[in-house]
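Here the structure is laid out as structure tokens; the discussion comes afterwards.
The values are calculated or read from the model by the stated rules, or taken from the named source; none is laboratory data. This structure is a prediction, so every number in the text was calculated from the model and none was measured. Glycine gets a Cβ as well: all are built from the backbone with ideal geometry, and neighbour counts include every protein chain shown. Quick note on the areas: whole protein, heavy atoms, side chains included, nothing else; ligands and nucleic acids left out. Shrake-Rupley method; radii C 1.70, N 1.55, O 1.52, S 1.80 Å.
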Amino acid sequence: MSARSNRSRLPRISTGLWYGYLALIIAFLMTPLLSLIIASFDSGQTFSLPFEFTLEWYRNALTSTSVQSAVDSTIRISVPVTILSTVIGTAGAIAYTRYSFPGREYFKIVALLPIFFPLILLGLGMSMWASVTGLGYGIVPAIVGETVWISPIVMFVVSISALGVDPNLEEAARDLGADTLTIYKDVLLPLIANGIVSGGIFAFVLSWNNYYIVSYLKGSEITITTWIHGRMTQGFTPVVPALASMIFYVSLLLLLVAVVMELRSET
Amino acid sequence: MSVREFVRSKVPAAIDRPGRRLASASPLGPPGGLMLPLLALLAFMFVGPIVAIVLFSVQTENVISLSVADWTLEAYREIVQGTLSGEGVYGEVTLNTIVISALTTVVAFVVSYPAAYALATKVRRFKLPILIALIIPLFTSVNIRVYGWVLFLINDGVFDLLAGSVGLNAPSIIYTRSAVVLGTVYVYLPYMLFPIYLSISTIDESLLEAASDLGAGRTKQFVDVILPLSKPGVIIGSLFVFVLSLGAEVEAELLGGGTIYTAASNISYSFGYSQNWPLGSAQAVGLLLITTVCGVVILRTIDLTEIASRGGSR
């Protein structure tokens, strides 16, 4: 078998090539984000060469009153959305993963279907629905609208960790004399806590970054993403990349926390 | 291979089966109460809006009339006729939308498959950082990401900065259909990559060992084992990318620079500037049908138990 010695060497080179390919994909995925960050540090009033470093746009973004009020409305939307969709999504995940009942698979399909809808479709439908039903536009409709899209995502994330928990645990706890409340409080919820926390962080980050749904339901409120969208369609202002970069930094940080939590729940 | 994985590979039937014996009378109480909030929410703000889109598509003005006698198929007639005759904007919009979505799906597949394959079978070290890097864009506003591409591609943008520093001078593709496709491939690539990655990860390694023992080379193993078994992931990913890119509006708006119209941008135009809700709704119904069918197919194929047991830990 002379091919053997060749083979042991070949995989090492080919593994390097596979890593190289993945690095290219990651570079592609990072290109616009890095472009944004580069632009946010450039001193020009219009983005152009030569590049000169400045922090001025960050200062402008942080002190602008329109940005502050956009941050304010975004928080008033995303905090309730996070709480609501974490509770609703977790309840759905527990129903789906810890029970067997007729129609269980149909429940999954119905509950997760909003994830697969283009957001513009959801936003438009919700906008007309809000007008027809008298729900109207503003903070509350935006909260309801985003919760429809984000709760299923939380359910998905929590389901993944809840499916990893032994299905006989509840039985065992009951045999040992625990009542329903105790089983939730001391057995099930602690076991899926990491999944719930990472689901909650996903919910917050997604709500914070949501554009389509909020833009159709916000009414006269201006959120960060709609503020950015308004400015970016009017030509270049360096405050936009600065603000967008700051949002990206925060999202990145939260995402890292969420991933670590989700991983801890798996091991 | 951890002990858990070893055991699983030996006795898959005992652990992995989706229909694990869940108690129907669970000590947690009946499941109805847990499902109710989600189902009520979806009935109100998901089913309701869909009904609104369908109802508005047959109205004559921006007000809903519930009497069938007032309904009209005028909006549908306008769209179908416009598309067939190629007159007006519909022919172009339909063509643009289909070309962009189809191209996006094909390109995303070609780019993702090797990456998903590498991630599932070749990558052992640095797996977590790589996975994180791949999901970061999903959690950044689509607005912000597409705007980042604009900054990269515009004249005197980041691309010119980089190209200029090595003495290159290439014309920018911004405000063309290619730029829009670049944007949609970028935005929806992870939706192709992860389903394929998960389906390749779930392939039992002993199958490959068996194939190798029977004399199959690497290429043959790939063609006869991995490729067919990753088909569900490819189908899910393709449907996902196709459907989501049908809804691409920001990409078309910012990277197409107002010259490339897609179904989504046309729909939002009907609602925004021209205030013709029935016309916008009729176009949205087409999108709605495709989306619902694809969504149900995807969800029937996805096995959460499978994802939970294999997805993250390998």
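Would you mind counting up the charge near B:ASN169? Only other residues with Cβ under 13 Å from its Cβ, with Lys and Arg at +1 and Asp and Glu at -1.
Surrounding charge for B:ASN169 is -2.
How high is the relative contact order of the range B:84-232, given as a whole-number percent (alpha carbon pairs under 8 Å, six or more residues apart)? Walk me through the intermediate numbers first.
Details: 88 pairs, mean separation 46.5, N = 149.
That works out to 31 percent.
Helix hunt in chain B: which complete DSSP H runs extend at least 24 Å axially by C-alpha with mean Kyte-Doolittle at least 1.0? Provide the component values of the computation, followed by the final result.
Values: long enough: B:90-117 (40 Å, 1.23); B:177-201 (35 Å, 1.24); B:277-301 (35 Å, 1.45).
Helix filter hits for chain B: B:90-117, B:177-201, B:277-301.
In percent, what relative contact order does chain B have, based on Cα pairs under 8 Å that are 6 or more apart in sequence? Present the calculation step by step, with values, prior to reporting the outcome.
Working: 316 pairs, mean separation 82.4, N = 314.
Contact order relative to length: 26 percent.
How crowded by other chains is B:119-128, given as the mean number of beta carbons from other chains within 10 Å of each beta carbon?
Neighbouring Cβ atoms belonging to other protein chains average 3 per residue here.
Mind checking which of A:ILE213, A:PRO241, A:ILE153 is farthest towards the positive end of the range A:59-266's charge dipole, using Cβ charges of +1 (Lys, Arg) and -1 (Asp, Glu) about the Cα centre?
Final value for the positive-end residue is A:PRO241.
Taking 0.36 nm per intervening residue step and subtracting the Cα-Cα distance, what contour gain separates B:LEU168 from B:THR219 on full extension?
Details: separation 51, 0.36 × 51 = 18.36 nm, distance 3.88 nm.
Working it through step by step, the gained length comes to 14.5 nm.
Summarise the partner chain shielding of B:296-302 as one whole number: the mean count of Cβ atoms from other chains within 10 Å of each residue's Cβ.
4
B:LEU84 to B:LYS231: FRET efficiency via 1/(1 + (r/R0)^6), r the Cβ-Cβ distance, R0 45 Å, to the nearest 0.05?
For R0 = 45 Å, the calculated efficiency reads 0.80.
Could you rank the peptides A:123-134, A:204-215 by their average count of other C-beta atoms within 10 Å per residue, with the highest value first?
Working: A:123-134: 21.8, A:204-215: 24.9.
Packing order, densest peptide first, comes out as A:204-215, A:123-134.
Can you find, among B:ASN169, B:SER57, B:THR202, the residue farthest towards the positive end of the dipole of chain B? Put +1 on the C-beta of Lys and Arg, -1 on that of Asp and Glu.
The Cα lying farthest towards the positive end belongs to B:THR202.
Calculate the mean, over all residues of peptide A:23-30, of how many other protein chain Cβ atoms lie within 10 angstrom of the residue's Cβ.
Averaged over the peptide's residues, the number is 6.
With no solvent and one point per C-alpha, what does the Debye sum give as log10 I(q)/I(0) for the protein assembly as shown at q = 0.11 Å⁻¹?
At q = 0.11 Å⁻¹ the computed log10 ratios are -1.11.
List the DSSP H helices in chain A whose Cα atoms stretch 27 Å or more along the helix axis and whose mean Kyte-Doolittle hydropathy is at least -0.5.
The answer, listed by residue number, is A:3-40, A:65-98, A:139-162, A:189-209, A:239-266.
Starting at 0 and stepping by 10 Å, how many percent of the alpha carbon pairs of the range A:59-266 end up in each bin?
With 10 Å bins starting at 0, P(r) equals 9, 29, 31, 20, 9, 3, 0.
Below 12 angstrom from the Cβ of B:PRO278, what's the summed charge of the other residues (Lys, Arg +1; Asp, Glu -1)?
In short, -3.
When the accessible area of the protein assembly as shown is split by element with a 1.4 Å probe, what percent falls to carbon and sulfur?
So the carbon and sulfur contribution to the accessible surface is 67 percent.
Using per-residue counts of other Cβ atoms within 10 Å, averaged over each peptide, order B:34-41, A:254-261, A:240-247 from highest down. Display every interim value, and only then the final one.
Working: B:34-41: 19.2, A:254-261: 17.5, A:240-247: 24.5.
Output ranking for B:34-41, A:254-261, A:240-247: A:240-247, B:34-41, A:254-261.
Over all directions, how big on average is the projection of the convex hull of the alpha-carbon atoms in chain B, in square nanometres?
Numbers: hull surface 93.4 nm².
The number I arrive at for chain B is 23.4 nm².
How large is the dipole of the protein assembly as shown about the Cα centre if only Lys and Arg carry +1 and Asp and Glu carry -1, each at its Cβ, rounded to the nearest 20 debye?
I would put it at about 1840 debye.
About the Cα centre, and with charges only on the beta carbon of Lys, Arg (+1) and Asp, Glu (-1), how big is the dipole of the range A:59-266? Nearest 20 debye, please.
640 debye
Considering only the other residues whose Cβ falls under 9 Å of the Cβ of B:VAL58, what net charge follows from Lys and Arg at +1 and Asp and Glu at -1?
Taking every Cβ under 9 Å from that of B:VAL58, the sum is -2.
Taking 8 Å as the Cα distance limit and 6 or more residues as the minimum spacing, I'd like the relative contact order of the range B:145-196 as a percentage.
30 percent
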